[in-house]
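Have a look at the structure below before the remarks.
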Amino acid sequence: MYELDKSPFGKHIRYRLYHPATGNGFSVVPESGANVLHLDFQGKNILDGYNTPEELEAAKWGKSVLLFPFPNRLDRGRYDWLGQTYQFPLNNAATENAIHGFVRSEAFEVEYVFLAKDHASILCSYTYEGGLDYYPFPFTLEVEYLIHDNGTFTLEAVCRNMHDRPIPIGFGWHPYFRLTDRADTHRMQLPACGKVEISDRMIPTGQRTGYSDFSRKKLVGDTFLDNCFQADQQTGTYALKLDGVGGRRLSVKASARQFPYFQVFTPPHRESIALEPMSCNVDAFNNEQGLVTLEPDKEWKAKMTVMLE
């Protein structure tokens, strides 16, 4: 039977859902962007998350953050919507762009925790009243995390437009995975895809080139990636795969329709690899590639799954 443990984590409360017999479980801090700190299967953590309240507060590398109302970068933070121009703060100094929206540091509320014999889940929600001048569009965002003893962890997101006009949205998740001590010693495989070509400021140029470097599983080695890819398939489910030591293998699976793009990032510290399904392209508020236009009082739903094999 899964159990719930609530404990202080700095100024917040950490919710830990775990099965003492199987060693499966995860921990999340709802009041800090519903950030997932750990994801354990058979007592072994597969996430490179924040280990201390100080790390969570600093939010370096954006570990496990929710990316909304847009993932990745927005060109110089500017976009036009329904005849108006808006300006996000430039929070990515290196490229002079806005990055990853704004919900990653917002306080989510816990709607419920469900504990069963072979699975457990927590539903967190965030209500935004539209108070920011760079995104004056009210919405609600619900995120449910579910772990199952069959070796799966699922994130399901639901956004409802609370505005009286259509709003632009994009969604992603930013987990870093670690099955070995170094990114270099993982083996990785990506689905058939094209690489989104970018400028020196990491904004799409409009070009897409075929990419087959990891079409078959191979050692990451000294490969450096901080790139967006578009899956070739348009229906069904694709998988981003990693192998580690001791026969551990994981797949991040997502719907090609809901998440046609994904980002792969091997950070400079080379301790882990980020695999990030995204509902839209980089700078989608401008290029509209994959951008969801959500009508008033309508919902957008999507989910992705991490599977440990």
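Readers should treat all values here as calculations from the given coordinates under stated rules, not as data from a laboratory. It should be emphasised that the depicted structure is a prediction, and the values quoted were computed from it without experimental measurement. Neighbour counts are summed over all protein chains in view; Cβ atoms, including those assigned to glycine, are modelled from backbone coordinates with ideal geometry.
Structure notes:
- Checked against the criteria, residue 164 does not count as among the charged types (D, E, K, R) and crowded, with 16+ Cβ neighbours inside 10 Å.
- Restricting the search to strands (runs of 3 or more DSSP E) fully inside the range 185-269 and requiring at least 3 residues that are under 28 Å from residue 45 (Cα atoms) gives 187-189, 226-231, 237-243, 249-255, 261-265.
- Unmet requirement for residue 73, which otherwise passes all of (1) touching a Phe, Trp or Tyr at 6+ places or on another chain (Cβ under 9 Å); (2) within 18 Å of residue 275 (Cα to Cα): (1)
- The range 70-91, residues that are crowded, with 16+ Cβ neighbours inside 10 Å and out of contact with any Gly (no Cβ under 9 Å at 6 or more places or on another chain): 73, 75, 76, 77, 78, 79, 81
- Scanning the range 138-159 for residues that are touching a strand residue (DSSP E or B) at 6+ places or on another chain (Cβ under 8 Å), in a loop (DSSP other than H, G, I, E, B) and free of Cβ contacts under 8 Å to residues at least 40 places away in the same chain yields a count of 1.
- In the condition set (1) within 30 Å of residue 44 (Cα to Cα); (2) surrounded by 14 or more Cβ atoms within 10 Å (Cβ to Cβ); (3) touching a strand residue (DSSP E or B) at 6+ places or on another chain (Cβ under 7 Å), residue 180 is compliant with all but (3).
- Restricting the search to strands (runs of 3 or more DSSP E) fully inside the range 25-133 and requiring at least 3 residues that are farther than 26 Å from residue 228 by Cα and either in contact (Cβ under 8 Å) with a residue 40 or more places away in the chain or more than 18 Å from the chain's Cα centre (by Cα) (or both) gives 25-29, 109-115, 119-128.
Table: residues versus (1) touching a Phe, Trp or Tyr at 6+ places or on another chain (Cβ under 9 Å); (2) under 17 Å from residue 5 (Cα atoms).
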residue: 82; (1), (2): no, no
residue: 94; (1), (2): no, no
residue: 101; (1), (2): yes, no
residue: 104; (1), (2): yes, no
residue: 107; (1), (2): yes, no
residue: 111; (1), (2): no, yes
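- Residues being of a type in the set (D, E, K, R), exposed (fewer than 14 other Cβ atoms within 10 Å of the Cβ) and over 20 Å from the mean Cα position of the chain (by Cα) are represented in the range 203-215 by at least one member.
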